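Just so you know, all these numbers are worked out from the coordinates, no wet-lab data involved. Note that the coordinates shown come from a computational prediction; the quantities given were computed from them, not determined experimentally. Every residue, glycine as well, gets a Cβ built from its backbone with ideal geometry; the counts of neighbours run over all protein chains shown.
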Amino acid sequence: MYKQLAMVIFAVLCSSPAQHSSAGEPVEVTYEYQGKTGVNLGRIVGGPLSVNAFTDQRNEPQTEEIQRPGKDPITLTELAPHALVQSAIVSAFEHSGASLGEPGSPLALDGKLIEMKVQDTETGLEVLIRCELTLRNQGRNAWQSVVFGRAVLDGQDVASAIALGLDKLITELFRDDYFLMELGVL
């Protein structure tokens with residue numbers, strides 16, 4: 001009887017979800033925007049601009065994970081994906097001369113991370129980052145859009161591929177004339 005009980009306990013332990021879950025491949029991504037936006041944000045109308053905390057609207061079991069179809073997910077070790085995207089956008093604004101305000105400023109940018117994945121290709125990696133951004137001015141929605149960055153990198157350096165995806169996302173944002181008009185810089 002004890003032998004049967006031990007076998008049942010062993011079977012239960014071996015089939016528990018904790019045994020099947022994986023933490024994913026840990027990846028450290030430290031990102032600071034280094035490109036040129038072509039825009040001087042030092043003269044934002046109605047500023048300073050605040051960038052509110054982004055939310056994660058993906059359907060991921062763990063908010064630190066980035067899906068990698070066909071492989072274990074990637075787990076960011078420094079910031080969760082939505083916080084990394086927010087940090088990248090803040091870095092781009094600062095790099096472009098923006099004076100950033102505290103949360104609650106009349107001019108505020110909200111963000112929702114909708115999708116972030118890393119896909120293996122024949123020669124390297126492809127990264128897709130998609131965000132819904134909303135610019136609020138005095139409490140009204142002044143601008144809203146889904147902005148995305150898609151990047152392809154030869155090689156298997158996941159951190160570099162994600163950084164390139166963030167660069168593309170920021171480039172897409174700063175090419176949006178309506179966004180720049182609502183900031184009063186066009």
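General remarks:
- Distance between the modelled labels on Arg150 and Thr121, one decimal in nanometres: 1.0 nm (7 Å Cα→Cβ projection).
- C-alpha long axis of helix 2-14 to longest principal axis of the chain, angle in °: 20
- Pairs of Lys in the chain closer than 19 Å at Cα, counting only those 8 or more apart or on different chains: 4
- Taking every DSSP bridge with both residues inside region 27-183, close to 80 percent are antiparallel.
- Nearest 10 degrees, 0 to 90: helix 158-174 Cα axis against the chain principal axis: 30
- Hydrodynamic radius of the chain per Kirkwood, over alpha carbon pairs, in Å: 18.2
- Compared with the direct C-alpha span, the chain from Leu186 to Asn40 gains 51.6 nm at full extension, assuming 0.36 nm per residue.
- For region 19-89, the list of GluC sites (Glu not before Pro) that fall in a loop by DSSP and count at most 10 other C-beta atoms within 10 angstrom reads Glu28.
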